[in-house]
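Asker: Take a look at the following structure, please.
Where a number appears in this text, it was derived from the coordinates with a stated rule and is not lab data. Source: prediction; values computed, not measured. Methodologically, a virtual Cβ is constructed for each residue, glycine included, from the backbone with ideal geometry; neighbour enumeration extends over all protein chains shown.
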Amino acid sequence: MEHFITFSTVFLLIFGLQYEAAGSPNKATVTNGGIDYNERCTLKDKCKYTNTSCIDGICQCQPGHAIRLRGKQFLCAEIIQIHNIVTIEDHPWVIKNETCLKSSSVDKSCRNSSCNSGFLVDLIRKIDQDMRNMNNCTITEVSSIGSLDSSTNPPTWKTGIMAIVANNQTDLAMAPFGVKHLRVPELGKIMRFSAIFVHNTISATNFMFGFPLASEIIWQFDLMTYKLAKQRYLEQLLEKWFVNGTSSWSKKKQLTPYEPNRVCRTM
Ligand SMILES: *[C@@H]1O[C@H](CO)[C@@H](O)[C@H](O)[C@H]1NC(C)=O
Ligand SMILES: *[C@@H]1O[C@H](CO)[C@@H](O)[C@H](O)[C@H]1NC(C)=O
Ligand SMILES: *[C@@H]1O[C@H](CO)[C@@H](O)[C@H](O)[C@H]1NC(C)=O
Ligand SMILES: *[C@@H]1O[C@H](CO)[C@@H](O)[C@H](O)[C@H]1NC(C)=O
Ligand SMILES: *[C@@H]1O[C@H](CO)[C@@H](O)[C@H](O)[C@H]1NC(C)=O
Ligand SMILES: *[C@@H]1O[C@H](CO)[C@@H](O)[C@H](O)[C@H]1NC(C)=O
């Protein structure tokens with residue numbers, strides 16, 4: 001079997017360009033090596049690429065695998081589980097329910113916990129629904145982004161999300177990181193960022209998730225961000241949390257401002 005999936009096929013799939021309109025030459029190409037990625041198949045057919053199978057009549061990644069760009073090649077890579085998410089309350093990105101957090105009898109898993117809600121919580125759950133990458137994952141709540149101690153050489157992050165990220169104690173920092181964070185050079189030494197999930201050219205706002213530098217899971221979030229933007233799910237989330245709003249959102253607890261643009265498409 002071949003390992004690598006044609007660049008153009010996946011590029012068109014993920015970035016949502018019109019596959020048909022692009023005049024693609026490979027309609028249901030059956031070669032000696034099997035059926036191409038994303039082409040129609042029957043169960044007796046062989047799919048061409050490693051870790052792909054005929055599922056729902058289409059050659060696609062097998063369960064537990066997802067399309068990943070490695071170097072210049074796409075492949076169906078194994079989905080990596082995430083075990084810990086660190087977060088901070090910031091309405092309506094992340095809304096905490098204190099009563100729930102204090103209770104010992106509630107499910108506090110990333111997948112099911114009712115103690116957190118908000119834009120980012122909906123987003124990671126939507127990613128989990130597709131990827132199933134939060135089978136054994138817990139959320140750690142902290143009270144600050146963190147402060148840099150400049151008395152040490154090099155300066156070190158002592159508290160909050162940044163200290164946890166710097167010490168590789170989490171897989172994902174669930175907070176809306178934006179342009180102002182990108183401009184802090186010390187932050188770039190410990191953290192990398194995902195694709196932009198909120199983008200508003202008018203107010204020049206871009207928001208991303210944060211990850212430890214050595215993170216192996218960013219591709220999963222980037223893939224899903226492109227998919228969910230294409231499906232207009234991200235727009236719906238903005239409407240749900242920033243336009244419609246909920247009674248649990250308190251302006252006083254909003255750290256990161258975002259002004260939605262009702263008229264223009266925000267994505
Ligand atoms: C196929 O999946 C396995 C794990 O199931 C992984 O180890 C391997 O790297 C994958 N191969 C390719 C070419 O994606
Ligand atoms: C907060 O959590 C408690 C306990 O789980 C629950 O009874 C209550 O309805 C929740 N409040 C909100 C606003 O969701
Ligand atoms: C989440 O809830 C489902 C359904 O109640 C349960 O089967 C599962 O074990 C729970 N936890 C996780 C991490 O999925
Ligand atoms: C879940 O993760 C914890 C530590 O993160 C580990 O101790 C435990 O064995 C894991 N459980 C399963 C079912 O994998
Ligand atoms: C965190 O991981 C990075 C990359 O593997 C490593 O360079 C760094 O030393 C680690 N930091 C700590 C505090 O373990
Ligand atoms: C926002 O509210 C409008 C009017 O009540 C409703 O039609 C729409 O479905 C809501 N959008 C979301 C994403 O919840």
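Asker: Using the Karplus curve 6.51 cos²θ - 1.76 cosθ + 1.60 with θ = phi - 60°, what ³J(HN,Hα) values do you get for each residue of the stretch 250-256, in whole Hz, with x for Gly and Pro?
Answerer: My calculation for the stretch 250-256 gives 10, 4, 4, 9, 8, 8, 10 Hz in order.
Asker: When the helices in the chain are scored as -39500 (n - 2.57) per DSSP H run of 4 or longer and the sum is shared across all residues, what 222 nm value do you end up with, to the nearest 500 deg cm²/dmol?
Answerer: -6000 deg cm²/dmol
Asker: On full extension of the chain, what length is gained from residue 150 through residue 236, given 0.36 nm per residue of separation minus the C-alpha to C-alpha distance?
Answerer: Length difference between fully extended and current span is 26.8 nm.
Asker: What Kirkwood radius, in Å to one decimal, follows from the Cα pairs of the chain?
Answerer: For the chain, inverting the mean 1/r across all distinct Cα pairs yields 20.3 Å.
Asker: Another one. Build a GNM of the chain with springs between Cα atoms under 10 Å: which of 94, 184, 165 gets the top mean-square fluctuation?
Answerer: 184
Asker: Sort 232, 68 by Cβ crowding within 10 Å, fewest neighbours at the top.
Answerer: 232, 68
Asker: Residue separation times 0.36 nm, minus the C-alpha to C-alpha distance between residue 50 and residue 138: what's the value?
Answerer: Net length gain for the segment: 28.5 nm.
Asker: Which far-off residues, 5 or more places away or on another chain, put their amide H under 5 Å from the one on residue 145, with H placed in the peptide plane?
Answerer: Correct list: 161.
Asker: Between residue 167 and residue 78, what length in nm is gained on full extension when 0.36 nm per residue of separation is reduced by their alpha carbon distance?
Answerer: Net length gain for the segment: 29.5 nm.
Asker: Just report the Cα centroid separation between the stretch 172-211 and the stretch 38-112, whole Å.
Answerer: Centre-to-centre (Cα) distance: 22 Å.
Asker: Mind checking the dipole of the chain: about its Cα centre, +1 per Lys or Arg Cβ, -1 per Asp or Glu Cβ, Debye to the nearest 20?
Answerer: 280
Asker: Now a separate question. Among 92, 103, 202, whose Cα projects farthest towards the positive end of the dipole of the chain, with charges put on the beta-carbon of Lys, Arg (+1) and Asp, Glu (-1)?
Answerer: So the residue we want is 202.
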